[in-house]
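The values are calculated or read from the model by the stated rules, or taken from the named source; none is laboratory data. What you are looking at is a predicted structure, and each value in this text was computed from that prediction instead of being measured. Methodologically, a virtual Cβ is constructed for each residue, glycine included, from the backbone with ideal geometry; neighbour enumeration extends over all protein chains shown. When the accessible area is computed, the model is the full protein with side chains, heavy atoms only, and any ligands, DNA or RNA have been set aside. Shrake-Rupley method; radii C 1.70, N 1.55, O 1.52, S 1.80 Å.
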Amino acid sequence: MTKQQVVQKLTGAPRAPRKTFGKAFAPSNIALCKYWGKRNAELNLPINSSLSISLGHLGTETVISQNESSDDMWLNDRHLDADETFAKRLIAYLNLFRPSPDFFFKISTTNNFPTAAGLASSASGYAALILALDDFFDWNLEGKALSILARLGSGSASRSVYQGFVQWYRGASDDGMDSYAEQLPEVWPELRLAVLTVSHATKPVSSTEGMQKTVETSTLYKSWPEKAERDLDLLRTAIQYKYFEQLGSVAESNALAMHATMIDTSPPVLYWLPETVAIFRKIWHLRRQGEQLYFTIDAGPNVKLLYEKPDEKMIQNHFPHAEIINPFGGI
Ligand code: PMV
């Protein structure tokens, strides 16, 4: 099945928008059990299920309307040239939703997370975009369909259509209709994340390319799907009973295992910088002294700390530049 066929199946025959503009917000998310590896690159179908926490009010707001003669795209008040990599990917996604080839969009996207936080924007970006399109065309799609459509833009975006803890089921069907995310019922108001930014530079290897190379060449990757499914179960229990130590240790081990498969890739994919490793060592040192903090890390050099609210002072003392996030604040 192609992306276009998936879109048709979920939104019906193309028709004109019912509103003058569509507007939506979607949170960014950080995975505790990572998505790493695609079984279908066209539809962003994952090899393993994953689980994340959405970041509350930190994310992307998108406003979309019709434009004459060409797409007009804005990112954080900057006009995008149609030949920029980011714009090309956006246009390819918008092509799936045009009621006719001569229909163009004006789209204005604003990320409200501090640029200094070094958070990825594709998850909240494509989730906000599909929610804004749903508003604009007045499709009134349910969460499952929105998650599937967001996935076509970026895999992790399938989780950003919800707040709180979110699980993305890998599914097994070829058309991916069973590969969507769902919000878990639990909340954990004391849980905190803190981003330690090591570098703002664009990653040398995109996650899509990194995943593909890993799946093709890493021997260690063979053990990843099983490890991910086991970690996901352990995380579900940790979330259900609020076992912080289990949540933190499983998330940290999952992130390190994902990076081990990347390092085992030929040629190696290494996203860490010396400062990244120094932070790992500092966290391990603090844990040996009895502190309760763990980390997770995505396809980049920046580290995300996991801790609970009573430890905020300790975190601020040891990591004065940390960008603190309260994922359940205001939900
Ligand atoms: O959605 P993508 O293609 O940017 O991939 C995200 C991959 C990781 O961030 C490393 C893991 C995850 O589950 O978010």
So how far, in whole Å, is the C-alpha centre of the range 121-174 from the one of the range 252-331?
27
Most positive-pole-ward Cα, L131, P189, L247, against dipole of the chain from beta carbon charges
L247
For the chain, with only Lys/Arg (+1) and Asp/Glu (-1) charged at the beta-carbon, what is the dipole magnitude about the Cα centre, in debye rounded to 20?
320
Nearest-10 value in Å² for the accessible area of E61, using the 1.4 Å probe
80
Mind checking the angle between helix 207-217 and the chain's longest principal axis? C-alpha axes, 0 to 90 degrees, to the nearest 10.
70
Apply the Karplus curve 6.51 cos²θ - 1.76 cosθ + 1.60, θ = phi - 60°, to the phi angles in the range 179-193 and return the couplings in whole Hz, x for Gly and Pro.
10, 8, 9, 9, 7, 7, x, 6, 10, 9, x, 7, 6, 10, 10
Under the Karplus curve 6.51 cos²θ - 1.76 cosθ + 1.60, θ = phi - 60°, whole-Hz ³J(HN,Hα) for the range 266-272, x wherever Gly or Pro sits
10, x, x, 10, 10, 8, 6
For L75, which sequence-distant residues (separation of 5 or more, or a different chain) have an amide H within less than 5 Å of its own amide H, given hydrogens modelled in the peptide plane?
L80, T109
How large, in percent, is the carbon and sulfur part of the accessible surface of the range 276-331 at a probe radius of 1.4 Å?
48
Acute angle (nearest 10 degrees) that the helix 244-263 long axis makes with the longest principal axis of the chain, alpha-carbon atoms
70
Tell me whether the range 170-213 comes out rounded, prolate or oblate; compute the Cα gyration tensor, take square roots of the eigenvalues as a ≥ b ≥ c, and use a/c under 1.5 as the rounded threshold.
oblate
Which of P267, I324, Q289 sits farthest toward the positive end of the charge dipole of the range 259-331, with +1 on the Cβ of Lys and Arg and -1 on the Cβ of Asp and Glu?
Q289
Per-residue HN-Hα couplings for the range 63-80, Karplus 6.51 cos²θ - 1.76 cosθ + 1.60 at θ = phi - 60°, whole Hz, x for Gly and Pro?
10, 10, 8, 8, 10, 8, 6, 7, 6, 10, 10, 10, 10, 6, 6, 9, 6, 9
Would you work out which of T20, T109, L55 lies farthest towards the positive end of the dipole of the chain? Charges go on Cβ: Lys and Arg +1, Asp and Glu -1.
L55
For the chain: relative contact order, % (alpha-carbon pairs under 8 angstrom, 6 or more apart):
21
Amide N of the range 21-54 lying under 19 Å from the label point, which is placed 7 angstrom from the Cα of D174 along Cα→Cβ
38-47
Sequence-distant aspartates and glutamates (8 or more away, or on other chains) whose Cα lies within less than 12 Å of K313
E291
Please report, in debye to the nearest 20, how large the charge dipole of the range 131-290 is about its Cα centre when each Lys and Arg carries +1 at its beta carbon and each Asp and Glu carries -1 there.
840
In degrees, nearest 10, range 0 to 90: what is the angle between the Cα axis of helix 122-137 and the longest Cα principal axis of the chain?
30
Per residue, how much accessible area does the chain show when a 1.4 Å probe rolls over the protein heavy atoms, in square angstrom?
44
Just tell me which lysines come within less than 23 Å, Cα to Cα, of K227; anything on the same chain fewer than 8 places away is out.
K34, K38, K213, K242, K304
Taking a cut-off of 20 Å between Cα atoms, list the aspartates and glutamates near K106, but don't count ones fewer than 8 places away on the same chain.
E61, E68, D71, D72, D77, D81, D83, E84, D134, D135, D138
For the range 77-191, the percent of accessible surface on carbon and sulfur atoms (probe 1.4 angstrom, ligands and nucleic acids excluded) is 51
Residue order for T110, T85, T261 - accessible surface, 1.4 angstrom probe, largest first:
T85, T110, T261
